[in-house]
Structures are given as structure tokens and as C-alpha cells.
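Everything on this sheet refers to the single structure shown next.
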């Protein structure tokens, strides 16, 4: 058993650090419905952590708890070993947690470039007045942000649609733009909500490659939700399995593959 | 009983009566909004237009007389006949149905799927258009409207309350009639939407356009119907207000009285419109009674909005509006 | 070929971030500026200034203000008339209280005061959305007008409740009061419009604009990626109020010269400015100009045609004017819901390809 | 299709040609908008009077009067546009017909040297000609109205208002607040208690106000309303059975259209007037003969003799008289706005002039001077007879209490002069 501060090196040579975020006995209810029931798990620095489960298992709700959009009735989110006080979603984002959404949540009225640039909003320190006259620091920061954004745009290979309004893009590209928007904020933890949902095999391969590259090149910790077991098993270092709001498995892909509860959930054994 | 309390009771009752009329106007908004997502700013002008049409038909006015006279150099004003009130009302309803059809065919069938604000703007354009047409058609004089509704203080209530409180309450007969008619109208609408085939189709459309389409409900027909019903409601409101003040431009401004009611009651709820109307009616009258004299009076216009605003801050979807669940 | 962007390469991000990245646009912009500042002042007369140019300039500022709030930040407001009244009355109080300070600063200060008031009335926007908010802003409209009517301090206790703009000069040239020259009032307003447009453009092309648009397009997602909705919305209300306040101050002091809250800043003003930005184009600075020009010019043009040219009775013309304005609004919305600005963009694309349509 | 419009267009085009010699009278009318019903008869009367002069007398002193009508819809911005579009046509006098537009035109017209006549509206303190060189508000203003009204009630009460309760019910805006200072001063002098109740635009709903009146039982109610406010107020007064003879409106709340919708309930309602009512004057025969029957009437022709039509005629009559006097004084038929102004400042209206114009006893006799641009401040009280459906004057034109009003006018005009750095004239 690893300690929360221990680090180790994976088979493909990446270093996985200590625990950066820990969910402690999270319970979330909507009225009478229990979406998440007493779930605990942790995320380590530099790892790719997957949360899987059938529809309605509470995966997205879990992600929403992490990004501060839902406030759990019970339990605690530990961040860097300290309990995180209740905060607004934008404050969570300011701590370096970026995310994408299951049903793409891009800003449809803006161009790809503007969408990506928006991801850097927390890196901008000049005030309203400085921006109004567009001189000095405001202009400098704008250029810096643009350079960073262009790097990400190059990296995700979406240069050609830079100035296209997002509303005109096909689904797969939109997903990529959303990833770019999250990446450009240089997050310490990146939350991906079904990054490959609705994609064809080719697009899925592309996306998997991007996720691995992001983890590798930017050293980002990634927590992702995915439906597609196959992809998840190949991608992730550790997997949490949820079903009906409960955690039914947690471990390396190999552990999960052999976990009877998981197999039952996925093969549809009747709940009793 | 202390005098002020007695006065407050009188104000309260009158507020309720005023509230019923507000609710009536608000109802027209709700019907259209529920079925088609259109926030119909023209509702007030529709009230004016329908009341003008009613008077015009009753008096046998020649439509567009002024324009005709100017173009052809003629001097026609009246056909020389008069039409009984009931028949005139039926004819006016027919005009409003025709109007509903035209609105649907020439405007909103071309705007399907647009954003709400675009639809809203279109109704403001419609309001301008209708205002211009109405004046050209029936001229801009103040027209006396008399379809036989009683007016003036209700003696019975005056005497009755005088015996109890030593102060006779003032309740206008017109308000009592208006309340009864509004109640009948609302009851009728509820029965219509619950029990008739068209009514059920209307509710189906309100719930889910796509689903309603897929089970074979004609959206076009429903929308025309909803606009017609709203036109009818506008006519009733126009008659009530027009009886008191004569039919004139300011009837179109009663829409502004209905907006706070909508905020309070929710844009999609018929009971909301009624309860909201009553709350606004009573609230603004009581505020004017209690606080008005201290701040110089004439508070009703803004107080209705402020009341609705305060309310909304605590309940953003209105009184009966559907609860907003935010998801990502 | 009339409109060219090929061969116009950018070598730095600064170049690419310009307001008019395309050379052709930039030249046209300089031409417009030259005409506006260098030529019109020599041609202008009282009629053109008061019937068209001043209202156009002033409404453009108001439209830019409302466009920031509604077009960029997605918060529909029907309180514009009330906020213009704040600007007007603030300007009046400042003009009469500090007669020695230049009117230029009074107008700016009036904008600042309006920004504060507007922000206060923007607070409910955190809870109330969409049409509910639009109707809620009417509370501001009615309350403010009532207030300016009721509290006689605002109109210096004058018997009539009207406010009158006393004469004030800039560089010795009167811009308010009885003895103004058309060119002076025109230039004075034009300077404010130019400043407003530049500030608005800078704000909307940068990070602040992106935050506003993010809130407009999807407020929940915006909050999750780090936009503070409180600050974004309130800053939009503040900036919008600043411009609307300036326009209200100019409207009263330079254009009308005398005003009364209910008369000059009623709910019709709120609707008019909203029309302007919707017909012009939501979320477009150019659209604010186009919408203001359209709605200021149209009634005057219709009147000229109807009364002066065709000789029709004024009332028929006025009614037909209502019908035409109403019909045009509807036709516009059906033909191009995104306003004149979008028509312009489409036309540019066509021109760029011309004469090779494919 | 024989189109009258085209002929009208042609005449308009031809008229726009070299006919510079005409005497130009712009009419800033409002035949549309919220107050159209009141604006139409006035505009008709104004236009018909000049048409009559042209048709019957060949104009004023032989020069045709040219009326340029411009639609303001009671909207201040349109009013400004109208002013600018007509002033270069040689306009002699403006009657803005709206207090808001008057306020805007005061500085503009003064600078352009064109006189303004705001008859029974506008800025009350413009009566002080020392400060307002180009603005005239003869024969009467709102403060006179308030004073005459109170005097009437005083007479009605048997000579004293001591201990009486009087309520001012008013439009919640500049116009409605005008009489308050006068009434406050009068209340101190006469010993009645004054209460003011405001009604917000548009005034469609006045339940609160009338419940308050019913509770407080004032002895008299004075009323400053306009538009739908008038009809509703009269109706509500009759609903609560307020004694109509104790309810009096200002001259903008005293036309047929204000009382007709209330039917019999309006019987006995009073209103102040500064000109006579009814169609029993020789001029109306001429108007019928030369204007209406000749198909040249501005409106439908059914407004003749109504209060607001008569007011339009009266306004036109006063303008025409001033123009006539200017022609005589300057020995030229083609007068300018400056001559018009000088003539207005020396205008005398007496019975002879009125009778000569076919308007015997139509208005008060008065004189205008450099110091006094407001005339004699005389008004009469009219009462409505619901059975006969007519207004009739029940008093003579009586003067207001100038001891109360003069100091108020001086104070307000001085404030304006100070704010705008105007030096007093007439010294």
C-alpha cells in the first residue's frame, strides 16, 4: 500500500507523485434522490485517473462536486492535504482545476480563438481601466495569452479553424476546442467529462493520443469520466468504478478487469 | 374598529378588484407564452385595437374613412347603421381571429426557432404596426364605449358596510362585473384546456413542441387558436377599461400593468397570473394607502415592479413558474 | 475584388489584434474619421445637427452602452431611459453646482454616477435571468423617473420641475445653452462618441469582452471555467451605465437643452435604444451605429417623403410611419435576425468574392 | 383615379417654390400619440382660422398666411425636429403646444429671434418679459388659473375659505406640479388646508386617488390633468358621488371629450377657460361657408364649436392680430419674426378687435407690455350640462390675485436669469 505522499514510477516511465486531491465520504442528494453515496477515492499527481460506470451512476455528479458546481451534503474534498472550504465554481477554477463537459459547453457566439483565450482568464491581472485603454500591461498580457493559446492550438492541430465561430464546427472539433480551452489555463488537475463520447474510432484514437500527450508534455493530472471501457483501460493508471451512486471498485485497470462486482454491473446482473 | 383599519379593508377590496383586471391582461400574455414561447408585447395594443373595432362596428364607422376621404376627396364617415352590442362583440371576435391567422401566417411562421428576444422584438414591431393601423382605421378620437355594463358605487355594499363600520365601502359596480366576467373567463379557459380536444392539444404543445408534433398536433392551428384566445381576452380587457375611460390610446399601456404580474406569477402559469394579479393589485393599493402620502404619492407604477422584483430575488422562477434546475 | 484581404499578412499578434485587421477596413475607418471630424463640421447647419446628427451621435453612445450589457453580456435591460435620466440629472446638478468646472468633466462624471446607479440595479441579475430580468429592469425605469419627479432637490427646487442647461463652454466655444453653433455641439458629441466607441471596442476585443460573452453564451460553463459571474455581470452593468449616462447627459445638456424625467426619459426611450441594438446587431459596435442611424433617420425620411414631397396630411403620414416602422422591424427580424451588422458581414463576403461567386 | 393626394402634392411642390412672401405660421400639432384626441381639434381650429383668412380676406393685409403643419406626437424630440425644419421657412411665431417642447424652444427660439406664444401652458414665469424676451404666455397662465379657481370656490363658499379643505389632484409631472406654489401661498392667505394627490402617467387607473378623496372628504377639488386622466377622473368623481360643482379642472381638463364618456355623471363639472365656448359666434358661420363647405377644412369638420377647436381658433386669432399690428407698425406687408415679436410685445386685444374678427366677447381684453408678457391673467369658469351636452361660461373673465402670483413669477424668472446669466430688459 502506498502512502499518500509516496511516489512511484510507472511501467512506461512516468513519475506519479503523492495525493493531490482526495474525496472523503462524499454523499450528494437532490431532494430525495441520492446521486452519490458515501464515496471516497484519491487522485495522485501526474496520474490519469478514470471514473467509469454505467449511465446514471453519478459520474458527472462526482465531477461537478470536484469542480464546485454541486455542494455535497456530506463528506469533504481534500486538496493538497487540506480540507477545501466550500467555494464557488470560479474559485475552484482559480485553484488550477480545469474541465471539459459531457455536452459540450463552448461559447457558441465566439470564435475558436476567443474560446481558447477565455481559458486564460485567470492569468490576466490588468484591470478594467487598463483594458479599456489597451495600453501597457493590458496589451502585453493580451499578447502573452495569445502566444500561449496559439501553442495549444498548434498542439491540438486546430490552427485552420482559429477564426471560425464555434457554432459552425463539427462535433469532434468542438470537443478538441473544449480541451484546448481547458489546457490553456495550465491546470494542475484536468477534469474530462466523457472526452470521447459520440466519436468514431479514428477520432477516439486522436483524442486518446492528445490525452496521453497532455499528461506527458504538460505533466497535468487528469481525471476523466468515460463510458468506453476499452479506451479507459488503455489510458488510465487507476480506475474508480461507480454504479447507482456507489463505489464498486477502485484500482489499476487490471484489478478492475477482474473485479466481480464491476463485471456484474457492466453485464447487467440484476440488483437485489 | 379603528378607522385606519376600516379604510385599509376598503383599499384591500378595491385592490383585489383591480388585481382581477391586471390578471386578465396578464392571462393573454401567459397563453401565448406558454404555447409558443413568444412574449407578446402587443397584447396591450391588441386590447386597444379590439375595443376600437368593437366601437367602430357598433357605431357603423367606415374603416379607413380618413384615408379614403383624403385619397378620393369623398366625405364618408359612417355607414348610417348601428349594430347591437352582442353582435358587434361576435364580429369583433371574428376580426381578432382573422388577426391571429394573419399574425401566424405572415410573421411567426417565418420566425420559428428564433431566440426569445427576437420573437419579443417582432411583437413590438407588431404593436407599432397595429397601433398605426388601428388609428388609421378608426381614427384617434376618444370613443365612448357602452355595451351595457353598470358603473358607479354599489349601494348594497355601501349600506351594508356602513351599518357595520359606520363607513360605507366604495366598490364600483363595473369592478364587480369585471371580476365576475374574469372569473368566468378563467374558469372557461381552464375547462377548455382540460376537457376539450383542442385544449389538450394546446397543453401538449406547451409541454413539448416536438412531442406534440410527433403525435400529430398541428402547431400552426394551435398557435392561431392561442392568438385568437389571447385576442378575445384582450377584447374583454379592452371593454372593461374602455367602459371607464372611453376607448383611447392609453388602453395600450395596460400591458405595462400586466408585466409585474407576469414576473410574480411566472410567465407560464395561469394560476400564477391570477394570484400574481391579486397580489400586485392589493400590494400597490395598500402601499399607496399606507406609504404613499409620506413619499408624495403616485407610487403605484413603480411599486408594482419593485414588489415583483423583491419577490423574484427570493424566488427567481416566479410564484408558480417551473423550478429551474441548473445542469451542465 | 472590391473588398480584399488576401495578401494582407500579419507578422505579429499585435497586428492581428487590431480593431481593423484588414487594410481595406482600416482605410475606410480613416476616411470616415476624416469626414466626421474634418468635413462635416464645415457643412453642418442647425437642421442637420438637431434633426439628425446630434440624436444619431447621442443614441449611438446609448446603443453602445446597451449593446455591451445586452449584446455582449446577454443581460436584457429595459431601464435605459431611467439610466439616461440619471446621467441627465447628474449632469444638471454638477453643471449648476460647479459652474467653473469644464462641462467635459461634468459629462464624464455624470457617466460615472450613472455607472454606480446602474450597477446597483444590476444586482438582481445574479438571481434573475432572461425576460424576468428584462421586466425587473423596468422597476429601475419607473422608480428613477418617479424619483426625479418627486424629489425637488434634483431640479434645484424650480417651480416647474424642468431642468434647463445653462450655457457652458469648451475652449471658449459654447456647447450648451442658447447660443450654440451647430458645429460645436456636433464636435462635442462626436468626441464623446469616438472615445466611447474606442473604449467599447478595446473592452470587447480583450479578456473582459470574452468574460462577458462567456456569461452570455453559457453562464454556468463560464462560471465553472473561472468567470466570476458577479463581477462579470456587474462590470457590464457599470460600463454600460457609464456610456448610457454620458448619452443621457449629452441628450439633456447639448441636444434638448431642457428636460423633464417623464417626458424625455420615459419607457419609450428604453424600447427605442433596445430596437437600435437589435436592428443594428447584438454584440457589434458597428451595429450600434447602424441601428441608431436607421432609427433616427427613418422617421425623418418618412416624414420628408410623406409630408414635404407627397403633401399628405401629417396625421396620416404619422400613422403610416408607425405602420412602416413596425413592418420594417418585423421584416428585418425575419430576413436577418442578427441585424444590419450581419447583413454587412454577408455583403463583405460577397464583395470579397466578386466577381467570382464560387 | 382622381387622386386628391396628387393634387395636394402638386400644390405643395408649387407652394414650396418662390412663394417667399407668405406669412409663415408653423403649427406643431399632435394628431397621433397618447394625446391625439386633444391635439386634433386644436390643430383643426388653428388651421381653419388661417384658411378662413386666406379664403375670405386673401390673407392678412393681403398677404396669404401659410400654415406649415408638423406632427410632434407630443414628443419633445420630434418637436425639436419640427422647429428646425420649419424655422428657415420664415416662421413668424411658434405655438409649441406642449410644455416640454416649449421649455426646449425657449433658449433656441430666443437665440434665433423667433417669438414663442405658449397660450395657457409652458413656463409660467415667462410672463416676466424682462427676462424672457421672446416668450409670451398671454392671456393667462397656470398660476392665474389656480388663483381664479380658488376665488371661484371662495365665492361659492360664501366669501371665505377659512377652515375648508381643498385637494389638488394633479398629473405627476412638471405640468401638474405648476400650481402647487401658488396654492400653498393662497392656502396661507385664505386659511384653507391644501392637500395634493398625484396621478402618474397615463392615469388609466385612479382608484387609490379617489378612495383617498372619498375618505378625506375635501370641500373642493382642483384638477390638473391631461389625456385619459381627465376622462377617468370625471368618471371616478361621479362614481364616488363627489359633488361635481365642487370639482374644477384647469382648461386642459375641460373639453367635451373629457366629460362625454362619463355620461350624466359628469353633469355640473366645472372647468376654467380663458376663451369662450360654443359655436354661437359669427366667425363660425364664415368658417362653415368658406372652409368647411368648400372642402378645405383641416379635419373632419365636426369639431367646430368644441372647446379645443375654439382654443385653436383663438390662438390663431391672437397670432393673426399680432401679425396685422406688425404690418401696420412697420408699414410693410412682409413682416419678419423680429417685427412680429415687437408687435406681440405691444399687443392690445379689446372688444372691438374681437368683434371685428367675428369673435365678440370671445376672450378677455388684455394688453401686453415689455415687462408683462402674460396679459391680464383673466380666466372664467365654465360648467358642463350633461343633458344639453354643452359647456357654458358661468362667470365673467376674472383677474387672478396678482399679489400672490407676481412675487412667485419674479422669484422663478430671477432664478432662470441667474442660472443663465441673462440681463434684465425694459429698463
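Taken together, the values in this text are just the output of simple stated rules run on the coordinates, not laboratory data. Everything quoted here is computed from the prediction, not taken from an experiment. Cβ coordinates were reconstructed from backbone atoms using ideal geometry, including for glycine residues, and neighbour counts include every protein chain displayed.
Points to keep in mind about this one:
- When only Cα pairs below 8 angstrom with a gap of at least 6 residues are kept, chain C shows a relative contact order of 29 percent.
- The radius of gyration of the Cα set in the stretch D:142-273, together with its Dmax, comes out at 13.3, 37 angstrom.
- Two-site FRET efficiency, residue D:393 against residue D:293, from Cβ-Cβ distance with R₀ of 41 Å, rounded to 0.05: 0.90
- In chain D, Cα pairs under 8 Å separated by at least six residues give a relative contact order of 21 percent.
- Prolate/oblate/rounded label for the stretch D:285-346 (Cα gyration tensor, a/c 1.5): prolate
- Cα long-axis angle, helix D:99-112 against chain D (0 to 90 degrees, to the nearest 10): 40
- Inter-centroid distance (Cα atoms) of the stretch B:287-314 relative to the stretch C:178-219, Å: 35
- Each 20 Å bin, from zero up to the one with the longest distance, holds this percent of the alpha carbon pairs of the protein assembly as shown: 9, 34, 34, 16, 6, 1.
- Base-10 log of normalised Debye intensity for chain C (one unit scatterer per alpha-carbon) at q = 0.09, 0.12, 0.14 Å⁻¹: -0.53, -0.94, -1.26
- Rounded to the nearest 10 degrees, the angle from helix A:171-183 to the longest Cα principal axis of chain A is 80 degrees.
- From most to least packed by mean Cβ count within 10 Å, the peptides C:17-25, B:260-268 give B:260-268, C:17-25.
- Shape class for the stretch D:42-94: oblate, because the ratio a/c of the largest to smallest gyration tensor axis (alpha-carbon atoms, square roots of eigenvalues) is 1.5 or more and b/c is at least a/b.
- Reciprocal of mean inverse Cα separation for chain D (Kirkwood radius, Å): 21.9
- Rounded to 5, percent antiparallel among DSSP beta bridges of chain D: 35
- Translational diffusion coefficient of chain A (Stokes-Einstein, Kirkwood radius from Cα pairs, 37 °C, 0.692 mPa s): 168 µm²/s.
- GNM top mover of C:138, C:322, C:230 - chain C, alpha-carbon springs below 10 Å: C:322
- Peptide C:120-133 has a mean of 4 when you count, residue by residue, the C-beta atoms of other protein chains within 10 Å of its C-beta.
- Cα Rg, Dmax, the stretch B:3-314, angstrom units: 20.7, 66
- Beta bridges assigned by DSSP with both partners in the protein assembly as shown are antiparallel in approximately 50 percent of cases.
- Span from the the stretch A:1-36 Cα centroid across to the the stretch A:74-147 one, whole angstrom: 24
- Residues of the stretch D:267-307 with amide N under 16 Å of a point placed 7 Å along Cα→Cβ from residue D:156: D:267-273
- Degrees, to the nearest 10: D:207-216 long Cα axis against longest axis of chain D: 50
- Spatially, the stretch B:180-200 and the stretch C:63-100 are offset by 45 Å when compared through their Cα centroids.
- In this calculation the C-beta distance from residue A:14 to residue B:218 is compared with R0 = 60 Å, giving a FRET efficiency of 0.45.
- Inter-chain shielding of C:49-60 (mean C-beta neighbours from other protein chains, 10 Å cut-off): 2
- Peptide C:252-261, shielding by other chains (average Cβ, 10 Å cutoff): 5
- 14 Å reach of a label modelled at residue C:120, 7 Å along Cα-to-Cβ, counting backbone N of the stretch C:80-107: C:83, C:86-87, C:90
- Spin-label model, residue A:4 to residue D:355: label points 7 Å out along the Cα-to-beta-carbon direction sit 11.2 nm apart.
- Shape of the stretch B:109-250, Cα gyration tensor, a/c cut at 1.5: oblate
- Computed helical MRE - 222 nm, the protein assembly as shown, DSSP H runs ≥ 4 contributing -39500 (n - 2.57), nearest 500: -17000 deg cm²/dmol
- Computed from label points 7 Å out along Cα-Cβ, the spacing between residue B:177 and residue D:426 is 5.5 nm.
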